[in-house]
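The next block holds one structure in the form of structure tokens; read it before the comments.
The values are calculated or read from the model by the stated rules, or taken from the named source; none is laboratory data. Note that this is a predicted model, so its numbers are computed, not measured. Because the Cβ atoms are built from the backbone with ideal geometry, glycine has one as well, and the counts that use them run over all protein chains shown.
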Amino acid sequence: MEKTCITGVVILLCYVAAAIAQKRTLILVDNWSIRETHSTFFRSLRDQGFDLTFKTADDSNLALVKYGEFLYENLIIFSPSVEDFGGSVDVGAITNFIDGGGNVLVAGSSSLGDPIRELATECGIEFDEENTAVIDHLNFDINDDGKHTLIVADTNNLLDAPMIVGQKASSPFLFRGVGMVADPDNPLVLGVLHASSTAYSYNPDEKISEFPHAVGKNTLLISALQARNNARVIFVGSIDFFSDEFFQTSVQNANNGKRFEKSGNQELANNLALWVFREKGVLRVGTVEHHLKGSKKVPAAYTVMEEVEYSIQIDELTDGQWKPFQGKDVQLEFVRIDPFVRTTLKQKNGLLYVSFKLPDVYGVYQFRVDYNRVGYTRLFSTTQVSVHPLKHTQYERYIPSAYPYYISTFSMMFGVCIFSFVFLHYKEDTKDKKE
Amino acid sequence: MKTSSAPFGAGWLLRMSPQKQDTLLKLMILTIAAILAFSTRLFSVLQFESVIHEFDPYFNYRTTLFLAEKGFYNFHNWFDDRAWYPLGRIIGGTIYPGLMVTSAAIYNVLNFINITINVRNVCVFLAPLFASFTTVVTYLFTKELKDAGAGLVAASMLAIVPGYISRSVAGSYDNEGIAIFCMLLTYTLWVKAAKTGSLFWSVLCALAYFYMVSSWGGYVFLINLIPLHVLILMFTGRFSHRIYVAYSSVYCIGTILSMQIAFVGFQPVQSSEHMAALGVFGLCQIHAFVDYLRSKLSVEQFNLLFKSLVLISGSVMFGAAAVATAAGKISPWTGRFYSLLDPSYAKNNIPIIASVSEHQPTAWSSFYFDLQLLVFMFPVGLYYCFSKLTDANIFIIIYGVTSIYFSGVMVRLMLVLAPVMCILSGIGVSSVLNTYMKNLDVSTKKDKKQKKSDNTYPLKNEIATGVIMIMTSFLIMYTFHCTWVTSEAYSSPSIVLTARGGDNGKIIFDDFREAYYWLRQNTHYNAKIMSWWDYGYQITAIANRTVLVDNNTWNNTHISRVGQAMASTEDKAYEIMRELDVDYVLVIFGGLTGYSSDDINKFLWMVRIGGSTDRGSHIKEADYYTPQGEFRVDKDGSPILLNCLMYKMCYYRFGSVYTEGGKPTGYDRVRNTEIGNKDFELEVLEEAYTTEHWLVRIYKVKNLENRGI
């Protein structure tokens, strides 16, 4: 009894440790003042249970990896102007961190350093040049200093993905910083918040002599990348976006806009943080089962046109707990180069389940669930099975349409027997007479 | 004691009656020939080891293993999901099972009587064993045609003829190994049946034919040759009740039996290759009926009836054939058969057939190389056959003439020619020896004086001696030639290569097996390997990994898809490889060792086959040549060639390697040039393994980039 108790406690401790271990977060800052100016955001992170570690970006002891293991799950880079990371951290280390499954939140500003720019390029995003800012002469805030760089981003410009940005925000967002564009060849980049059609990105202190780097809706203010290993990265062009000041201040579009008491920044920032640090929209595949209808055993191979049952367990992480995923649009494909069967899985006892008839084509197939929805982790599960043709005993022995042939065959055989018998045993009478 | 022992041996022999001596002598010669046939085929085992050779034998070996382990019904219903991914292949229905059944039976019998031999050794030694059997059958066959003497000569010649050895050395475990035995057995029994007109021999012939059908696709030759024989007998007025009984029963029973082989199915009554046999069968019935009518009717009545009958039946038959062809009941003549009749057919129309080296037309020199003396003695035998025409002789003449034509079309059919060459040469040599041996003067001096008075034939004895000496030296030379050819040319297993080193020692290249074992031990069980189809059977058999295409070239589009991948640029190829779930790509590269039948030399076939289907229509052969129309891999080579996947896989990192003294880096020893594109990196592949002599290079297909670019 005591023993089980102790084991129970140990297991519980392990869970707690694991839960904490999931949320180790490193925050790199330019200077310590950011802790104060952005305290609301950090506090809300702490409230979510994140274990925050602050370091300056040029700290010489900086490291993401120790003894081959990552020290953190999440990385926040709030140091836009850094020219060189300290310690063993550089752009390569950060991309390795992402490829190793780590999540990164990056905030930029108009004075953007090269490392951040490089990191963005590695992730399919291109920041505009140094000292540029997103300018919008029609949608700037009433508190703008005259350069029209404190812009008001309308809620309609937000990506329609509740999993990432939360429920539709009521008030617009304040933004002051650098713009970016997404690499059109990269299928993984999402434009979370784009500027309005009247915006462009340029140095506000210079006369415009060449075509701006980003114009109109192509100008991204916030962009996200979910890598193929489901690591998540968010780039925000404005570090002020997360500041206490922007969280609290009121918003009013200078051109006859409605006045909002509080900007939508805080709400959006919190939602983005939850998504990027994989608190939301996380799915996993559990056991996959397939067998003949009415049987429990997995056969070594199927035969064409058999009825097959397939079930897959998909869990969603909600509030730190794995619960059965309630999606209604998960599809199963039965693929041999091309899908032969594509059907929607139904809920059944917390499993997603379908029963279908195999195609009348033999070959090596895959049960494939490829669930790819914006905001959710990418689910890909494939199980290879072979579908055999009929065995020689499984064909129909007598086909109805061939009955005339059967009759002719058997009547012929019968006739030959009779004929042979008569031919062999028939005695000609005439011979006797002659003799 | 010493003196008494010698006469004892001779005395023992002399005490036997001449008849018994004769039998003993025949038996001894035949036994020696059979043993010789077996042992001369063991060079490959002695020089290398007891391994399965080449490509197809590996498939046969794998299927035999399966049959021996799992039993016949599982074998019959075997669906192979390790080949032709993701299509799979129905093995049971697409092979001639005779070979596997034979070896599995031998294996089971031997193990039943507690001779523990493993399947591999049964497979390795099956072809030599059947070569011994063939020797015996040749003797019987030739005896039917001519006499026992000719039979012995033919059997001895067949035992060592290189044209047959090339396909039946130990380890060459292929259908042909037993098919030649089956073929000659069928012929022997057919000649016997035609001679006697007995139902017994006919049924035996049909059974032998069944065995032949079950073991080799070449049975089509046989089922056309026998009807041709019957047809010619009809035209020459030699048709008789004996032929009628023999052919009718052989055809009926043989056809029904042959349809039991799943791979053959309904072909004997549908495809045009078999229609000649059916037609001759019908003709036999008509001929017999006409003969019957002739015996009952007067001449005028008969003529009238005959003419009208011929006219009506002819038009009906033609109409039926036309309708059946139009309705698709009679399959159009398949490509392989066309290429028999017109050597350029395949080359112009079906690249996959033309690409196989053994489907190439035969070079003149290889006739001499494979047959030597037989080339000259063959006409002699033909002469003796013509000089004394019988039904049986007509058969061997037809066999000889047709097979010499077919062997000229396709290299591999040399195999069909070799036995008839031996038989006819055996008849020729034996007849020549018979003629002149009689003239040889071996009598005492007293008789010599009488002989000299023979004025009509001066120098009779001397001429005879001369002819016999020439003949003997020919035969001795033939023996030496055959042995030399066997040991030098036909005993290489081709899975292990050899080369002469600088100190005249032998260097062994065992790279193929090295690579296959690497795959077997280092890759996931379900990994898919893409390679050119030549290596498919070996990969499945030795590495036990799934392949996309193999030597059973049944799906041209699938092979074409692989060809397209090899001939495309990296990113195009990557799309194809992802579509087909490829994990590893394997190429054969000879540039370091000078092994000339590597993938670069086969590459043009990949381009041609890749471009032969709709999806590969963008791949054009001309793009891979220089403007002058040359295929070269050096700086002047076509840029498309220098950037395609195959080039990059073969020459990756090769640009920094010194291969030959006094030559720059990246010097290709097969093409004898310095390669044109030396410095490149692979984007979608990474090198996984390269064997010791770079013969086999294996690449792993990378996953998609994690961050999408």
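Based on this model, can you work out whether B:R62 counts as among the basic types (K, R), part of a loop (DSSP other than H, G, I, E, B) and either over 24 Å from A:S386 (Cα atoms) or in contact (Cβ under 8 Å) with a residue 24 or more places away in the chain (or both)? Here the answer is no, as B:R62 does not meet what is asked. Under the condition of being closer than 21 Å to A:T25 by Cα, more than 14 Å from every other protein chain (Cβ to nearest Cβ) and aliphatic (A, V, I, L, M), the residues counted in the stretch A:233-263 number 2. Here B:S44 qualifies as under 16 Å from B:Y173 (Cβ atoms), away from every other protein chain (no Cβ under 14 Å) and touching a His at 6+ places or on another chain (Cβ under 9 Å).
In this structure, is A:A107 of a type outside the set (V, I, T), within 14 Å of chain B (Cβ to nearest Cβ) and closer than 22 Å to A:H213 by Cβ? If you could, list the steps in order and put the result at the bottom.
Details: of a type outside the set (V, I, T): yes; within 14 Å of chain B (Cβ to nearest Cβ): no; closer than 22 Å to A:H213 by Cβ: yes.
For A:A107, the condition - of a type outside the set (V, I, T), within 14 Å of chain B (Cβ to nearest Cβ) and closer than 22 Å to A:H213 by Cβ - is not met.
Of all residues in the stretch B:684-709, those satisfying the criterion of being within 14 Å of chain A (Cβ to nearest Cβ) and of a type outside the set (G, A, S) are B:K702, B:N703, B:L704, B:E705, B:N706, B:R707, B:I709.
Within the stretch A:258-330, which strands (runs of 3 or more DSSP E) (wholly inside it) include 1 or more residues that are in contact (Cβ under 8 Å) with a residue 60 or more places away in the chain?
Working: elements: A:283-292, A:307-318, A:321-324.
Strands (runs of 3 or more DSSP E) meeting the threshold: A:283-292, A:307-318.
Let's see how each residue does on (1) within 14 Å of another protein chain (Cβ to nearest Cβ); (2) touching a residue at least 24 places away in the same chain (Cβ under 8 Å):
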position: B:I507; (1), (2): no, no
position: B:D511; (1), (2): no, yes
position: B:W518; (1), (2): no, yes
position: B:N522; (1), (2): no, yes
position: B:W532; (1), (2): no, yes
position: B:Y535; (1), (2): no, yes
position: B:N544; (1), (2): no, yes
position: B:N552; (1), (2): no, yes
position: B:D571; (1), (2): yes, yes
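Does at least one position in the stretch A:392-407 carry a residue that is of a type outside the set (A, V, I, L, M), touching a helix residue (DSSP H, G or I) at 6+ places or on another chain (Cβ under 8 Å) and within 14 Å of another protein chain (Cβ to nearest Cβ)? Within the stretch A:392-407 (the criterion being of a type outside the set (A, V, I, L, M), touching a helix residue (DSSP H, G or I) at 6+ places or on another chain (Cβ under 8 Å) and within 14 Å of another protein chain (Cβ to nearest Cβ)), the answer is yes, since at least one residue qualifies.
Could you check how many residues of the stretch B:39-59 are aliphatic (A, V, I, L, M), surrounded by fewer than 24 Cβ atoms within 10 Å (Cβ to Cβ) and not in a helix (DSSP H, G or I)? Please lay out each step first, then the result.
So the first thing to find is which residues in the stretch B:39-59 are aliphatic (A, V, I, L, M), and the list is B:42, B:45-46, B:51-52.
Add one more test, that the residue is surrounded by fewer than 24 Cβ atoms within 10 Å (Cβ to Cβ), and what stays is B:42, B:45-46, B:51.
Imposing the further condition that a residue be not in a helix (DSSP H, G or I) reduces the set to B:42, B:51.
Looking only at that region, the number is 2.
Which one of these does A:V416 not meet: (1) assigned to a helix (DSSP H, G or I); (2) more than 13 Å from chain B (Cβ to nearest Cβ)? Answer for A:V416: the failing condition is (2).
Selection over the stretch B:519-556 of residues that are closer than 23 Å to B:R578 by Cα and not in a loop (DSSP other than H, G, I, E, B) gives a count of 17. The single condition from (1) touching a Leu at 6+ places or on another chain (Cβ under 6 Å); (2) β-branched (V, I, T); (3) within 14 Å of chain B (Cβ to nearest Cβ) that A:V89 fails is (3).
Taking the stretch B:143-178 as the range and being under 15 Å from the mean Cα position of the chain (by Cα), surrounded by fewer than 24 Cβ atoms within 10 Å (Cβ to Cβ) and among the small types (G, A, S) as the test, only B:S166 passes.
Residues in the stretch A:66-88: is at least one out of contact with any strand residue (DSSP E or B) (no Cβ under 8 Å at 6 or more places or on another chain), under 21 Å from A:C123 (Cβ atoms) and either buried (at least 16 other Cβ atoms within 10 Å of the Cβ) or among the aromatic types (F, W, Y) (or both)?
So in the stretch A:66-88, the residues out of contact with any strand residue (DSSP E or B) (no Cβ under 8 Å at 6 or more places or on another chain) come out as A:66-70, A:81, A:83-84, A:87.
Filter again for under 21 Å from A:C123 (Cβ atoms), leaving A:70, A:81, A:83-84.
Keeping just the survivors that are either buried (at least 16 other Cβ atoms within 10 Å of the Cβ) or among the aromatic types (F, W, Y) (or both) gives A:70, A:81.
Yes.
Given the criteria aromatic (F, W, Y), more than 14 Å from chain A (Cβ to nearest Cβ) and part of a helix (DSSP H, G or I), does B:Y595 qualify? No.
May I ask you to verify whether B:D56 is within 23 Å of B:N556 (Cβ to Cβ) and within 11 Å of another protein chain (Cβ to nearest Cβ)? In short, no. All conditions in (1) surrounded by 14 or more Cβ atoms within 10 Å (Cβ to Cβ); (2) within 14 Å of chain A (Cβ to nearest Cβ); (3) basic (K, R) hold for B:K602, with the sole exception of (2).
Within the stretch A:124-153, the set of residues being among the acidic types (D, E) and either loosely packed, with under 15 Cβ neighbours inside 10 Å or in contact with an Asp or Glu (Cβ under 9 Å, 6 or more places away or on another chain) (or both) comprises A:E126, A:E129, A:E130, A:D145. So, B:I559, is that one at pLDDT 85 or above, more than 31 Å from the chain's Cα centre (by Cα), surrounded by 20 or more Cβ atoms within 10 Å (Cβ to Cβ) and not acidic (D, E) or not? Against the criterion (at pLDDT 85 or above, more than 31 Å from the chain's Cα centre (by Cα), surrounded by 20 or more Cβ atoms within 10 Å (Cβ to Cβ) and not acidic (D, E)), B:I559 does not qualify.
Where helices (runs of 4 or more DSSP H) sit wholly within the stretch B:71-151, those with at least 3 residues that are more than 14 Å from every other protein chain (Cβ to nearest Cβ) occupy B:98-112, B:119-145. Apart from one condition, A:D370 fits all of (1) closer than 30 Å to A:T318 by Cα; (2) touching a residue at least 40 places away in the same chain (Cβ under 8 Å); the exception is (2).
If the condition is being in a strand (DSSP E or B), within 14 Å of chain B (Cβ to nearest Cβ) and either out of contact with any Cys (no Cβ under 8 Å at 6 or more places or on another chain) or small (G, A, S) (or both), then the stretch A:192-227 contributes A:S223, A:A224, A:Q226. A:N230 meets the stated requirement of being out of contact with any Asp or Glu (no Cβ under 7 Å at 6 or more places or on another chain), within 14 Å of chain B (Cβ to nearest Cβ) and surrounded by fewer than 19 Cβ atoms within 10 Å (Cβ to Cβ).
So, of the residues in the stretch B:384-434 that are of a type in the set (F, W, Y) and modelled with pLDDT under 90, which turns out to be surrounded by the fewest Cβ atoms within 10 Å (Cβ to Cβ)? Reasoning before the result, please.
Going through the stretch B:384-434, the residues of a type in the set (F, W, Y) turn out to be B:384, B:386, B:395, B:399, B:405-406.
With the extra rule that they be modelled with pLDDT under 90, the set shrinks to B:405-406.
Values: B:Y405: 13, B:F406: 18.
Taking the candidates together, the pick is B:Y405.
Here B:I495 meets the list (1) within 14 Å of chain A (Cβ to nearest Cβ); (2) out of contact with any Ser or Thr (no Cβ under 9 Å at 6 or more places or on another chain); (3) not in a helix (DSSP H, G or I) almost entirely, failing just condition (1).
Pull up the stretch B:661-683, narrow it to residues that are β-branched (V, I, T) and surrounded by 15 or more Cβ atoms within 10 Å (Cβ to Cβ), then point me to the one that is farthest from the other protein chains (Cβ to nearest Cβ).
Filtering the stretch B:661-683 for residues β-branched (V, I, T) gives B:665, B:670, B:673, B:675.
Those still in the list that are surrounded by 15 or more Cβ atoms within 10 Å (Cβ to Cβ) too: B:670, B:673, B:675.
Working: B:V670: 35, B:T673: 37, B:I675: 32 Å.
Once the filter is applied, the top-ranked residue is B:T673.
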